[in-house]
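Engineer: Just passing along the structure, written as structure tokens.
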Amino acid sequence: MRSNFFFLMFVINYSFAAGGGAGLDDAKLDPSDGLSIQRGAKTFVNYCLGCHEASYMRFNRLGDLGLSNGQIKEFLIFGEKKVGDTMVNAMDREDAELWFGIVPPDLSVIARSRGPDWLYTYLRSFYQDDKSTTGWNNTLFPNVGMPHILWELQGIRELEAGEASRLGQKTVTKMEGALNQTEYDSFVRDLVNYLVFIGEPARTLRVQIGIVILFVLSIFLVLTWVLKKEYWKDVNQ
Ligand code: HEC
């Protein structure tokens, strides 16, 4: 009976571990790296916001990273939007369905549902595929409706010959991009860092509050100790 129980625990444990990492590359994010998040924000407005919204996210939330409203306006906002506006676009949902077969999902909390490693792997796994309507496919997300927006940076990849029908296909470079692989990886890492940030923008603040609370509690601890000594002073003699 007991050994069954341990076996069960082992299986549960093991399946969680496998579910977390199977086939995904480690994004090696540093969520405390504000500059990385800022670079990612720039990439997001330039390359993603045209199709995807981040409707829970206001532009001026980037003030948390030390950007002034003026900087946000200058570097990140095109057109008529104000710094207090949310990151939405003007794309018509029906057009989107017509073009891509599906409305591009809102990316506000995508890092929480997919996880950073998934996003990091996904954005590096596109390959050229003549059989798909967009001309692109993705080894992590087969038959994805999204074209490879960053192909000029990454270059063009194609399936390794003979591997096409297998799961977990390997791709090879067909055409070099503007960035080499290390540069492209770190470009994507910044973008994912930003997606994690918008999924939970108050994280840094929460950690700081936590530290202050521990500090205050530790003062109380000392006070309690002093009080105790005071109360028991006479009794303990
Ligand atoms: C030309 C329009 C377009 C652009 C630009 C675009 N995407 Fe997409 N994206 C889509 C569509 C359409 C889907 C839905 C794909 C599907 O479900 O088949 C999608 C899906 C995704 C998904 C998967 C969501 C999920 O879990 O189902 C992620 C993540 C994503 N996009 C991230 C990005 C990022 C990051 C950028 C900017 C670098 C970007 N996209 C730019 C159209 C676009």
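Engineer: Does the stretch 155-173 contain any residue that is more than 23 Å from the chain's Cα centre (by Cα) and open to solvent by less than 30 Å² (accessible area, probe 1.4 Å)?
Structural biologist: Looking for residues that are more than 23 Å from the chain's Cα centre (by Cα) and open to solvent by less than 30 Å² (accessible area, probe 1.4 Å), one finds at least one in the stretch 155-173, hence yes.
Engineer: Kindly indicate the residue of the stretch 147-177 that is over 17 Å from residue 189 (Cα atoms) and of a type in the set (A, V, I, L, M) and also modelled with the highest pLDDT among those meeting that condition.
Structural biologist: So, considering only residues that are over 17 Å from residue 189 (Cα atoms) and of a type in the set (A, V, I, L, M), the one modelled with the highest pLDDT is 156.
Engineer: I'd like the full set of residues that are under 28 Å from residue 26 (Cα atoms), free of Cβ contacts under 8 Å to residues at least 12 places away in the same chain and either in contact with a Pro (Cβ under 6 Å, 6 or more places away or on another chain) or small (Gly, Ala, Ser) (or both), limited to the stretch 84-114.
Structural biologist: Scanning the stretch 84-114 gives a single hit, 113.
Engineer: Quick check on my filter: what residues within the stretch 125-166 are in contact with a helix residue (DSSP H, G or I) (Cβ under 6 Å, 6 or more places away or on another chain) and more than 10 Å from the ligand (Cβ to nearest atom)?
Structural biologist: 154
Engineer: Look at the stretch 33-62 and say how many of its residues are within 18 Å of residue 196 (Cβ to Cβ) and assigned to a helix (DSSP H, G or I).
Structural biologist: 17
Engineer: Same structure again: Inside the stretch 96-115, can you point out the residues that are more than 17 Å from residue 44 (Cα to Cα) and more than 10 Å from the chain's Cα centre (by Cα)?
Structural biologist: Once the filter is applied, which keeps residues that are more than 17 Å from residue 44 (Cα to Cα) and more than 10 Å from the chain's Cα centre (by Cα), the stretch 96-115 yields 96, 97, 98, 99, 100, 101, 102, 103.
Engineer: Suppose the filter is of a type in the set (Val, Ile, Thr) and over 30 Å from residue 37 (Cα atoms); does residue 216 pass it?
Structural biologist: The answer is yes for residue 216.
Engineer: Let me ask you something else. In the stretch 75-87, is there at least one residue being closer than 18 Å to residue 200 by Cβ and either away from the ligand (no atom under 11 Å from the Cβ) or not in a helix (DSSP H, G or I) (or both)?
Structural biologist: There is at least one residue in the stretch 75-87 that is closer than 18 Å to residue 200 by Cβ and either away from the ligand (no atom under 11 Å from the Cβ) or not in a helix (DSSP H, G or I) (or both).
Engineer: Out of all the residues in the stretch 30-62, which are of a type in the set (Gly, Ala, Ser) and either open to solvent by 10 Å² or more (accessible area, probe 1.4 Å) or free of Cβ contacts under 8 Å to residues at least 24 places away in the same chain (or both)?
Structural biologist: Across the stretch 30-62, the qualifying residues are 32, 34, 50, 55.
Engineer: Tell me yes or no: at least one residue of the stretch 125-138 is among the charged types (D, E, K, R) and open to solvent by less than 40 Å² (accessible area, probe 1.4 Å).
Structural biologist: The answer is yes, given that some residue of the stretch 125-138 is among the charged types (D, E, K, R) and open to solvent by less than 40 Å² (accessible area, probe 1.4 Å).
Engineer: Looking only at the stretch 104-123, count how many residues are open to solvent by less than 40 Å² (accessible area, probe 1.4 Å) and either more than 12 Å from residue 196 (Cβ to Cβ) or in a helix (DSSP H, G or I) (or both).
Structural biologist: Total satisfying the criteria: 9.
Engineer: Here is a further query. Take the residues in the stretch 88-103 that are assigned to a helix (DSSP H, G or I) and surrounded by 12 or more Cβ atoms within 10 Å (Cβ to Cβ), then tell me which one is nearest to the ligand (Cβ to nearest atom). If you could, list the steps in order and put the result at the bottom.
Structural biologist: Residues of the stretch 88-103 assigned to a helix (DSSP H, G or I): 93-100.
Retained after the next criterion (residues that are surrounded by 12 or more Cβ atoms within 10 Å (Cβ to Cβ)): 96-97, 99-100.
Numbers: 96: 7, 97: 9, 99: 7, 100: 3 Å.
Per the stated criteria, the residue is 100.
The values are calculated or read from the model by the stated rules, or taken from the named source; none is laboratory data. No experiment lies behind these values; they were computed from the predicted model shown. Neighbour counts are summed over all protein chains in view; Cβ atoms, including those assigned to glycine, are modelled from backbone coordinates with ideal geometry. We work out accessible area using only protein heavy atoms, side chains counted, and drop any ligands, DNA or RNA first. Shrake-Rupley method; radii C 1.70, N 1.55, O 1.52, S 1.80 Å.
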